[in-house]
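The values are calculated or read from the model by the stated rules, or taken from the named source; none is laboratory data. Everything quoted here is computed from the prediction, not taken from an experiment. All Cβ positions, even for glycine, are placed from backbone atoms using ideal geometry, and neighbour counts span all protein chains on display. With ligands, DNA and RNA removed, areas are computed over all heavy atoms of the protein, side chains included. Shrake-Rupley method; radii C 1.70, N 1.55, O 1.52, S 1.80 Å.
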Amino acid sequence: MEKRFLIRADDLGYSKGTNYGIAETVRHGIIKTVGLMPNMPDASHGVGLLSGMRVCYGQHTNICVGKPLTNSKKIPSITQENGEFKTSKMYRDAAQRGEDFVVLDEVVLEIEAQYQEFVRLIGQEPSYFECHAISSPNFYKGLEIVAKKHGVDYLQIAFDKPFNFCGHGFRLVMEVGMPGYNPFETLKRGILNGKSEDIPMMVCHPGYLDSYILRTSSLTMPRVLEVEMACSVETRRWLEEHKIQLITYDDLKA
């Protein structure tokens, strides 16, 4: 019996370099599930690169990079004086103090705006609905509110235990912050370890590096390594030898 495995790429739209890397992993690799950051200026560029390819798209809701789609004066709790979002470091520092500066009504406005932009860009509702990595209970509540409003499937990952999505049990596979990170070894461990009834879900951030990524993200070289892993003949051969079935969220709903 084949073991199911879901691998997805986050951050489509982050930058042109990110978009080119993700497109490479879809066109020549094993990625078929992609999270779009609808607020980013290069979101349309990324969607264009994937035009005509079979992709399961999700909304990778972002409130810590770039500018919002909502007028920043209407959402002051999550924006800076320059009109850009507060940074991920600001969210981390607040979480360490036990604080959540996000105002629920404000963040709902931006999540809704990003949902509408997602639908405009993709031409359909997201197959899954989740967020770019920050810690904020009110952000999570806002995601649930907007997801319920539009009847889309909200995916909240648990980092330390299995979790459920659309009636299926999953467990997260992600070691990107660990020293000596090797995406291929992470993939193999993630698939072979854990309970057989849980579907391993590997979250990647593949991309090529450009000046914007280097200025705004602490995640740099692992992006390039993940492009290489996802497009590697060795990776595909290992998956075939171990009878691993690559799936998307859409496959689970079919």
Check 97, 92, 8, 4 and return the single one that is open to solvent by 50 Å² or more (accessible area, probe 1.4 Å) and closer than 30 Å to residue 168 by Cβ. 4
Hey, among 151, 167, which residue is modelled with pLDDT under 95 and not polar (S, T, N, Q)? 167
Restricting to segment 239-254, name every residue that is in contact with a Phe, Trp or Tyr (Cβ under 8 Å, 6 or more places away or on another chain) and either surrounded by fewer than 16 Cβ atoms within 10 Å (Cβ to Cβ) or free of Cβ contacts under 8 Å to residues at least 24 places away in the same chain (or both). 245
Which listed residue is surrounded by 15 or more Cβ atoms within 10 Å (Cβ to Cβ) and touching a residue at least 40 places away in the same chain (Cβ under 8 Å), from 45, 60: 60
Every listed condition ((1) under 17 Å from the mean Cα position of the chain (by Cα); (2) of a type outside the set (Val, Ile, Thr); (3) open to solvent by less than 70 Å² (accessible area, probe 1.4 Å)) holds for residue 159 save (3)
From (1) surrounded by 18 or more Cβ atoms within 10 Å (Cβ to Cβ); (2) hydrophobic (A, V, I, L, M, F, W, C); (3) in contact with a helix residue (DSSP H, G or I) (Cβ under 7 Å, 6 or more places away or on another chain); (4) over 22 Å from residue 166 (Cα atoms), pick out the condition that doesn't hold for residue 113. (3)
Just wondering, is there one or more residues in segment 26-35 that are crowded, with 22+ Cβ neighbours inside 10 Å and in a helix (DSSP H, G or I)? yes
Filter segment 188-213 for residues that are more than 30 Å from residue 41 (Cα to Cα), open to solvent by 70 Å² or more (accessible area, probe 1.4 Å) and not basic (Lys, Arg) and give the result. 192, 193, 196, 197
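Of the residues 135, 72, which is more than 18 Å from residue 42 (Cα to Cα), open to solvent by 30 Å² or more (accessible area, probe 1.4 Å) and modelled with pLDDT under 95?
The match here is 135.
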Taking the condition of being open to solvent by 40 Å² or more (accessible area, probe 1.4 Å) and within 28 Å of residue 50 (Cα to Cα), how many residues in segment 173-187 meet it? 5
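Residue by residue, here is whether (1) more than 18 Å from residue 21 (Cβ to Cβ); (2) more than 13 Å from the chain's Cα centre (by Cα) holds:
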{"site": "39", "(1), (2)": "yes, yes"}
{"site": "42", "(1), (2)": "no, yes"}
{"site": "45", "(1), (2)": "no, yes"}
{"site": "49", "(1), (2)": "no, yes"}
{"site": "57", "(1), (2)": "no, no"}
{"site": "71", "(1), (2)": "yes, yes"}
